[in-house]
Amino acid sequence: MMDHQPLKVLLLSAEVVPFAKTGGLADVAGSLPKAIHALGHDIRVAMPRYGRINPAKFGLKEVVPRFPVPMEKQMEEASVLQGLMAPDIPVYLIENSKYYDRDGIYMYPDDAERFIFFCRSSLEMLHHLDWQPDIIHCNDWHTAIVPNWLKTVYKDDPFFQHTASVYTIHNLAYQGIFGYRVLEIAGIAEYGFMYHSEMADLAEVVDFMARGIYFADVLNTVSETYAREILTPQFGEKLDPLLRDRQDRLFGILNGIDYDAMNPATDKYIAQNYDADHLDQRVKNKLALQRDANLKVDADTPLIGIISRLTDQKGFDILGDAIDHLLDLGVQFVVLGTGDPHYQELFSRVAQAYPGKAAVFLTFNAELAQKIYAGTDMFLMPSRFEPCGLGQMIAMRYGSVPIVRATGGLADTVQDWNPSTGEGNGFSFTRYDRWSLFAAIVRALESYKYRDTWHQLQVKGMSADFSWNASAKKYVDLYYRALATHGNER
Ligand code: ADP
């Protein structure tokens, strides 16, 4: 295939904005396709039709009526509803009430089976649509079985002969580890476990992530720094030996954000629209947020925002150690997040102890998230590790200055402010401990006192390009590389 020929790409994801979202994966799956399409390629998306996705709300239409899907030794049935992400970008939603008519997205005992069914239905669906993709782009463990199938059960299927696979690791910490039984459900028991001389565990469990890494034609992760980090035992989550073996086909491509959806000049959820030339207007969002969050309404008090899944990854243990001291410095905090009860308790305690100074919302709320990006002065992400991180990019787009730990994508997007040279667009620290976190926040608070400096920092973030423009081109290059690799192996 020549470089200039348009590609047909099927992107598989467990979550996709605007249909279902728990984190950054959904943002990527809901925005990268638009940028790939804008480059002239036919990209389509598939995901499960979870019970919470209302067909009427999204105008979903059935495009493939019930068809058989092989599961273990029998056939289950799926049907396909179609929605649109943009006029020419279909999203295929796989329907099956047994697997998906539930309140949530994940965390069910049969998750392995649910996502095997989603993947198998997506491949079988293609026969019915008579649409042969050049590339199947898989994301995270939920869809990692597909490259494995393309090299086993579908190996001799003429329909998939020229289909290459790309596997994107959004977070190596979630590998999808299950027992032998899932090999039977997936119809690949005859091929058995994987073996690797440095990874004894692989001979005893089925690790979906490992299979994606091993079988995909090419792989990538979502920032260049994380792509390097995961080759080491510290960040490799026990898969680093396998990743080192596949290093020649592992790339780092920074995520972008959807610049149309994330735009303070047009955002309909925020109290006052603004842009980099009208930053004086922005304070109205801060005052509205303080009011809504029951914080003391005061334009001059520095307000720090956090919007995050509450998990160990995100650095809330070191924040927990420092937060009382920070609140004593006279800052305000607003936290929006769901997750680990341990961190929910931490933030609830803080909210109770510091009325008017700390506000905590333990819920998932996309509208409130926009209000926080638009209304805070600073946005905190002290992550232990961070494959890419979208929060810091959205914050910069909205003029909230990021304070981050320099790891993964945070290191690739936020450079520490240097007051003597004027370089940098935020505040970052390296050592993972409370003191380094504390010092970075104190430096931010010092700079906040100088209006010109702060304005300069805000404008830098707002005028940087974190759109998909550059990264979408890199994905297209990756797709062509996958095709070439696939061809070489045939
Ligand atoms: P991760 O993918 O690890 O969760 P990212 O920073 O890559 O982290 O992406 C998180 C995305 O989810 C951002 O768009 C953020 O605004 C959003 N988000 C996280 N928690 C919430 C929440 N409780 N309510 C609304 N949006 C949230």
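The values are calculated or read from the model by the stated rules, or taken from the named source; none is laboratory data. None of the values given here were measured: they were computed from a predicted structure. Cβ atoms come from the backbone with ideal geometry, glycine included; neighbour counts cover every protein chain shown. Only protein heavy atoms, including side chains, enter the accessible area calculation; ligands, DNA and RNA are left aside. Shrake-Rupley method; radii C 1.70, N 1.55, O 1.52, S 1.80 Å.
Data for the structure
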read-out: Cα Rg over Rh - region 345-490, Kirkwood; value: 1.07
read-out: Computed accessible area, Ser400, all protein chains, 1.4 angstrom probe, square angstrom; value: 0 Å²
read-out: With Cα atoms, 0 to 90° folded angle of helix 469-489 axis to the chain main axis; value: 30 degrees
read-out: Carbon + sulfur, % of accessible area of the chain - ligands and nucleic acids excluded, 1.4 Å; value: 50 percent
read-out: In degrees, nearest ten, helix 341-353 long axis to first principal axis of the chain (Cα); value: 20 degrees
read-out: Spin-label model distance (nm) - Ser97 vs Asp328, 7 Å beyond Cα toward Cβ; value: 6.0 nm
read-out: Under the Karplus curve 6.51 cos²θ - 1.76 cosθ + 1.60, θ = phi - 60°, whole-Hz ³J(HN,Hα) for region 155-162, x wherever Gly or Pro sits; value: 4, 9, 7, x, 4, 9, 3, 9
read-out: Cα-only radius of gyration and Dmax that characterise region 79-236, units Å; value: 16.2, 49
read-out: Accessible area per residue, Å², the chain with all protein chains present, probe 1.4 Å; value: 41 Å²
read-out: Antiparallel %, DSSP beta bridges [both residues in region 1-124], to 5; value: 65 percent
read-out: GluC sites (Glu not before Pro) within region 115-214: DSSP coil, no more than 11 neighbouring Cβ in 10 Å; value: Glu198, Glu204
read-out: Dimensionless Rg over Rh [region 387-464; C-alpha; Kirkwood]; value: 0.94
read-out: Two-site label geometry, Asp130 and Met75: point separation in nm, points 7 Å out along Cα→Cβ; value: 2.0 nm
read-out: The chain: angle of helix 451-463 to the longest principal axis, Cα-based, in degrees nearest 10; value: 20 degrees
read-out: Qualifying trypsin sites (Lys or Arg not before Pro) in region 99-132, DSSP loop, other Cβ atoms within 10 Å at most 16; value: Arg102
read-out: Region 1-69 shape via C-alpha gyration tensor axes, a/c threshold 1.5; value: oblate
read-out: Shape of region 283-330, Cα gyration tensor, a/c cut at 1.5; value: oblate
read-out: Accessible heavy-atom area order of Met47, Met194, highest first, probe of 1.4 Å; value: Met194, Met47
read-out: Percentage, to the nearest whole number, of Cα pairs in the chain over 29 Å apart; value: 51 percent
